[in-house]
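Participant: Right, I'll just put the structure down here and ask away after.
The values are calculated or read from the model by the stated rules, or taken from the named source; none is laboratory data. No experiment lies behind these values; they were computed from the predicted model shown. Here Cβ is always computed from backbone atoms with ideal geometry, including for glycine, and neighbour counts include all displayed protein chains. Quick note on the areas: whole protein, heavy atoms, side chains included, nothing else; ligands and nucleic acids left out. Shrake-Rupley method; radii C 1.70, N 1.55, O 1.52, S 1.80 Å.
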Amino acid sequence: MTVPTSIRLSDELSEKLTLWTSSHNISKTEFITQVLAEKLEDLYDIQEADLAMQQWLDDGQKTYSHDEMMKRYG
């Protein structure tokens, strides 16, 4: 099932969207749906990584910066 949703775009953003979708032979709806799905997946992945990192730290594990590792191992 799909749910209709509307958004308001600035004239500039709308023009860019039209140019992009026209030149890539994709509908605006399909493009916006793909971009939104990718962004939400990225945000979910970041959230999961943050939670895993917090669990790592809560378990008493230590992290090392790039500079610390370079000093240690060259």
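Participant: Per 0.36 nm of contour for each residue apart, how much would the distance between Glu38 and Ile26 grow if the chain were fully extended, relative to their Cα-Cα spacing?
Facilitator: My answer for the length gained is 2.7 nm.
Participant: For every helix of n ≥ 4 consecutive DSSP H residues, a contribution of -39,500 (n - 2.57) applies; sum these over the chain, divide by its total residues, and give [θ] at 222 nm rounded to the nearest 500 deg cm²/dmol. Could the numbers behind the result be given before it?
Facilitator: Details: 3 runs with 52 residues, N = 74.
Helix contribution divided over all residues of the chain: -23500 deg cm²/dmol.
Participant: If you place +1 on the Cβ of every Lys and Arg, -1 on the Cβ of every Asp and Glu, and leave all else neutral, what size is the dipole of the chain about its Cα centre, to the nearest 20 Debye?
Facilitator: I would put it at about 140 debye.
Participant: Please calculate how many Å² of accessible area the chain carries per residue, with a 1.4 Å probe and no DNA, RNA or ligand atoms counted. Could the numbers behind the result be given before it?
Facilitator: On the way: 7090 Å² over 74 residues.
Normalised by residue count, the accessible surface of the chain is 96 Å².
Participant: I need the shape label for the chain. Rule: rounded when a/c is under 1.5, else prolate if a/b > b/c, else oblate, with a, b, c from the alpha carbon gyration tensor.
Facilitator: It is prolate, given that a/c is not under 1.5 and a/b is the larger ratio.
Participant: Determine the share of the chain's accessible area contributed by carbon and sulfur atoms, expressed in whole percent, with a 1.4 angstrom probe.
Facilitator: On the way: 3950 of 7090 Å².
Carbon plus sulfur share of accessible area: 56 percent.
Participant: Right, next: Please work out how much length the chain gains when fully extended from Asp11 to His66, using 0.36 nm per residue of separation minus the C-alpha to C-alpha distance, in nm with one decimal.
Facilitator: Taking Asp11 through His66 to full extension adds about 15.4 nm, to one decimal.
Participant: To continue, here is another question. Can you give the Rg/Rh ratio of segment 32-74, where Rg is from the C-alpha atoms and Rh is the Kirkwood radius?
Facilitator: The Rg/Rh ratio comes out at 1.25.
Participant: I would also like to ask the following. Where in the chain is the longest stretch that carries no trypsin sites (Lys or Arg not before Pro) classed as loop by DSSP and with at most 12 other Cβ atoms within 10 Å?
Facilitator: Counting at most 12 other Cβ atoms within 10 Å as exposed, the longest clean stretch of the chain is 9-61.
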